[in-house]
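Everything on this sheet refers to the single structure shown next.
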């Protein structure tokens, strides 16, 4: 897994970042992502996630409670945050995101299929196209998988 984060709503978000030219992208990377997602509760208990988060904050010399309070959604209490993480993990409420310079058509189809089928899990892809000009580089992201049906869910 390239990256994993907790978002402001206490949802574990898993990221796989690859170049579109990587031939393993579709099968191997999708399989690995699904494996991590399916086993997140077993292999990443919330206590371990919290401990790793606190260690990362300590290395940066920041207060973990202050970071959580600053980032969480309105209405979340600090004491409830880690319980909400645990509850959402146990319910399978996670987000899986594939990121690449170009999302190949076959991966796009897989993401759109899972996006419409998985509930409460969410599957997305983000295509980050790069444009280079005179002294300037522009990155343009485009989200794949947020169908209208998936948004309503």
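Quick notes on this structure:
- Qualifying residue in the range 27-39 (condition: in contact with a helix residue (DSSP H, G or I) (Cβ under 7 Å, 6 or more places away or on another chain) and part of a helix (DSSP H, G or I)): yes
- With respect to the stated conditions, residue 80 fails to be within 16 Å of the chain's Cα centre (by Cα) and modelled with pLDDT under 90.
- On inspection, residue 98 does not qualify as closer than 30 Å to residue 50 by Cβ, touching a residue at least 60 places away in the same chain (Cβ under 8 Å), in contact with a helix residue (DSSP H, G or I) (Cβ under 8 Å, 6 or more places away or on another chain) and surrounded by fewer than 19 Cβ atoms within 10 Å (Cβ to Cβ).
- Any chance residue 135 is more than 16 Å from the chain's Cα centre (by Cα) and farther than 25 Å from residue 17 by Cα: yes
- Filtered residue count, the range 30-44, keeping only those that are surrounded by fewer than 13 Cβ atoms within 10 Å (Cβ to Cβ) and under 18 Å from residue 112 (Cα atoms): 1
- Odd one out for residue 20 among (1) surrounded by fewer than 17 Cβ atoms within 10 Å (Cβ to Cβ); (2) modelled with pLDDT of 90 or more; (3) outside any helix (DSSP H, G or I): (2)
- Filtering the range 46-60 to residues that are without any contact (Cβ under 8 Å) to a residue 40 or more places away in the chain and either assigned to a helix (DSSP H, G or I) or within 16 Å of residue 4 (Cα to Cα) (or both) leaves 47, 48, 50, 51, 52, 54, 55, 56, 57, 58, 59.
- Evaluation of residue 107 against (1) at pLDDT 90 or above; (2) in contact with a strand residue (DSSP E or B) (Cβ under 7 Å, 6 or more places away or on another chain); (3) under 30 Å from residue 19 (Cβ atoms) (one fails), failing number: (1)
- When 63, 80 are checked against the criterion of being free of Cβ contacts under 8 Å to residues at least 24 places away in the same chain, touching a helix residue (DSSP H, G or I) at 6+ places or on another chain (Cβ under 8 Å) and surrounded by 12 or more Cβ atoms within 10 Å (Cβ to Cβ), a single residue qualifies: 63.
The values are calculated or read from the model by the stated rules, or taken from the named source; none is laboratory data. In this text, all values refer to a predicted model and were calculated from it rather than measured experimentally. With ideal geometry, Cβ positions are generated from the backbone for all residues, glycine too; neighbour counts draw on all protein chains shown.
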